[in-house]
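Enquirer: Handing you this structure, nothing more for now.
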């Protein structure tokens with residue numbers, strides 16, 4: 001079942017890949033992000049949120065703990081819309097033009113997840 005879910009998600013990601021995302025890169029970085037349309041950026045983020053939801057549902061169904069990275073990401077970005085997330089990622093790359101090789105998901109972690117974790121610490 002796990003391979004079926006992975007194949008399905010991989011297929012969805014490939015179907016959504018166009019323009020800069022259709023390059024031979026396996027990890028989306030700032031170069032691809034900044035060359036992509038807003039629609040492509042939103043599709044990427046929807047794919048990420050869907051993958052987190054699939055992992056959570058699978059874990060619940062199998063009685064496993066929720067994957068920690070996905071749980072943290074969901075908790076720290078839960079109040080943001082996909083559009084707001086996209087704008088924050090774009091602003092980060094604009095503010096850090098020398099960091100265009102940084103993976104998009106690392107930017108999400110640096111800009112959205114890590115600050116919320118710091119606030120949670122006693």
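Enquirer: With each pseudo-label sitting 7 Å past Cα toward Cβ, what's the residue 61-residue 75 distance in nm, one decimal?
Expert: Output for this residue pair reads 2.5 nm.
Enquirer: Here's another thing I want to ask about it. How long is the gain from residue 120 to residue 39 if the chain were fully straight, where each residue apart is worth 0.36 nm and the alpha carbon distance is subtracted? It would help to have the intermediate numbers written out before the result.
Expert: Numbers: separation 81, 0.36 × 81 = 29.16 nm, distance 3.29 nm.
Taking residue 120 through residue 39 to full extension adds about 25.9 nm, to one decimal.
Where a number appears in this text, it was derived from the coordinates with a stated rule and is not lab data. From a predicted model like this one, the values you see are computed outputs, not experimental measurements. Quick reminder, even Gly has a Cβ in these numbers, built from the backbone with ideal geometry, and neighbours come from all protein chains shown.
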